[in-house]
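*Asks:* Sharing a structure below in structure tokens format, with a few things to ask.
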Amino acid sequence: MNRYTKIINMMGSYYTKDYEKEKKNIIKVREIKEETVKKFFLQGNTEVLVVFEDTGREILIDDFSSDEDIKKYLGSSFINKKR
């Protein structure tokens, strides 16, 4: 399962993904475009962890989340129209 993270702070929001480097045993965090996250989310088998940087609150959104939660935290373009 793919996992992306959406960081929301006072200045805006951005998406990240963690990559594990096998040889060095470290985790590298890279910023990802919203279009990439949207593409994989609509295909399924993807979850997005929404993190509010100011409060530390975390919400996990996946394929089985309600349409209201998806629209509220990710945007209306992340709702799969085929349901």
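The values are calculated or read from the model by the stated rules, or taken from the named source; none is laboratory data. Note that the structure is a prediction, hence the values are computed from the model and not measured. Glycine also receives a Cβ, built like all others from the backbone with ideal geometry; neighbour counts cover every protein chain displayed. In case anyone asks, the SASA skips ligands and DNA or RNA and just uses the protein heavy atoms, side chains included. Shrake-Rupley method; radii C 1.70, N 1.55, O 1.52, S 1.80 Å.
*Asks:* Once you have a ≥ b ≥ c as the square roots of the Cα gyration tensor eigenvalues for the stretch 16-63, tell me rounded if a/c is under 1.5, and otherwise prolate or oblate according to whether a/b is larger than b/c.
*Replies:* oblate
*Asks:* Next question, about the same structure. Taking the Cα centre as origin and putting +1 on Lys and Arg beta-carbons and -1 on Asp and Glu beta-carbons, what dipole magnitude results for the chain, to the nearest 20 debye?
*Replies:* Values: 17 positive and 15 negative charges, 80 e Å.
Rounded to the nearest 20 debye, it is 380 debye.
*Asks:* A further question follows. Once the Cα atoms of helix 34-43 and of the chain are each reduced to a long axis, what angle between those two axes, in degrees from 0 to 90 to the nearest 10, is obtained?
*Replies:* 70 degrees
*Asks:* A further question on this structure: Mind giving me the FRET efficiency for Glu22 and Glu68? R0 is 35 Å, r the Cβ-Cβ distance, nearest 0.05 is fine. Walk me through the numbers before you get to the answer.
*Replies:* Details: r = 40 Å, r/R0 = 1.13.
So, using R0 = 35 Å, E works out to roughly 0.30.
*Asks:* Then there's this: Roughly how many percent of the accessible protein surface of the chain is carbon and sulfur, given a 1.4 Å probe and a whole-percent answer? Intermediate values should be presented prior to the final figure.
*Replies:* Numbers: 2960 of 6160 Å².
Within the chain, the accessible surface is 48 percent carbon and sulfur.
*Asks:* Keeping all protein chains in place, calculate the accessible area per residue for the chain (probe 1.4 angstrom), answer in Å². Intermediate results must be reported in sequence, preceding the final value.
*Replies:* Working: 6160 Å² over 83 residues.
Result: 74 Å² per residue.
*Asks:* Right, something else. Averaging sequence separations of C-alpha pairs under 8 Å and six or more residues apart, then dividing by the length of the chain, give the relative contact order as a whole percent. Let's see the in-between values first.
*Replies:* Working: 126 pairs, mean separation 21.9, N = 83.
Computed over the chain, the figure is 26 percent.
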